[in-house]
1. I'd like to know if segment 126-137 contains one or more residues that are of a type outside the set (Asp, Glu), under 18 Å from SER30 (Cβ atoms) and touching a Phe, Trp or Tyr at 6+ places or on another chain (Cβ under 7 Å).
2. Hey, any hits in segment 122-130 for a residue that's among the hydrophobic types (A, V, I, L, M, F, W, C), crowded, with 23+ Cβ neighbours inside 10 Å and within 22 Å of ASP59 (Cβ to Cβ)?
3. Given the options GLN145, GLN158, GLN100, name the one that is polar (S, T, N, Q), in a loop (DSSP other than H, G, I, E, B) and either buried (at least 19 other Cβ atoms within 10 Å of the Cβ) or at pLDDT 95 or above (or both).
4. Taking segment 23-44 as the search range and keeping residues that are free of Cβ contacts under 8 Å to residues at least 40 places away in the same chain and farther than 21 Å from GLY92 by Cβ, which one is nearest to the chain's Cα centre (by Cα)?
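The values are calculated or read from the model by the stated rules, or taken from the named source; none is laboratory data. For clarity, every value in this text was computed on a predicted model and none was experimentally measured. With ideal geometry, Cβ positions are generated from the backbone for all residues, glycine too; neighbour counts draw on all protein chains shown.
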Amino acid sequence: MVEQTPTREHAYELLTTYTKSDSLIKHALSVEAVMRHFARLFGEDEEKWGIIGLIHDLDWEEYPEQHCQKTEEILTEAGWPTDYVRSVLSHGWGIVTNVQPEHRMEKVLYTIDELTGLITATVLMRPSKSILDTEPKSVRKKWNQKGFAGGVDRSIIQNGAAMLEMDLGDIIHHTILGMREVAGEIGLEGNPL
């Protein structure tokens, strides 16, 4: 099959074919928005970064035991470019794949995937339930609470920050800014103070 550059529309169609869970779709939209934000920050291809963010957990709901491997199969069969497929696989590095993040885009995806979950959990604990008035310090306070968002692997976020050679506080700040752009779509508009 001939590789073709995927569109956002095709990526969303694929996502919703394999993902029915509202929370997983909101996670995909969060990661897409944050990837787009970081692409603009670094002067990179916003469309490509966003599409990869949107599709990164394509197989999670239907094939959790084959996470990333099934996505590789689906995207390859659909004729997606190998660099897109590689980037998606890299977010599972050390967990379910051996594909280490090399490019800046891959390092950002690896870092912010878990972080969007921590930020979402933090927002939902706030009285306003709004990302629009959530600041990095609120996330940092929750960071050290071991029982809080226990499924979020903080070491992955830290490793990603080191790979990016960025301050963790800056990454949290920019991740929040990216998520704010889609606050309504991801259910985190709340009632900002």
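1. no
2. Our first condition is that a residue be among the hydrophobic types (A, V, I, L, M, F, W, C); within segment 122-130, this holds for 123-125.
Restricting the remaining residues to those that are crowded, with 23+ Cβ neighbours inside 10 Å gives 123.
Okay, now just the ones that are also within 22 Å of ASP59 (Cβ to Cβ), so none.
Scanning segment 122-130, I find no residue that is among the hydrophobic types (A, V, I, L, M, F, W, C), crowded, with 23+ Cβ neighbours inside 10 Å and within 22 Å of ASP59 (Cβ to Cβ), so the answer is no.
3. On the way: GLN145 fails: either buried (at least 19 other Cβ atoms within 10 Å of the Cβ) or at pLDDT 95 or above (or both); GLN158 fails: in a loop (DSSP other than H, G, I, E, B).
Going through GLN145, GLN158, GLN100 in turn, just one is polar (S, T, N, Q), in a loop (DSSP other than H, G, I, E, B) and either buried (at least 19 other Cβ atoms within 10 Å of the Cβ) or at pLDDT 95 or above (or both): GLN100.
4. Among those that are free of Cβ contacts under 8 Å to residues at least 40 places away in the same chain and farther than 21 Å from GLY92 by Cβ, it is ARG40.
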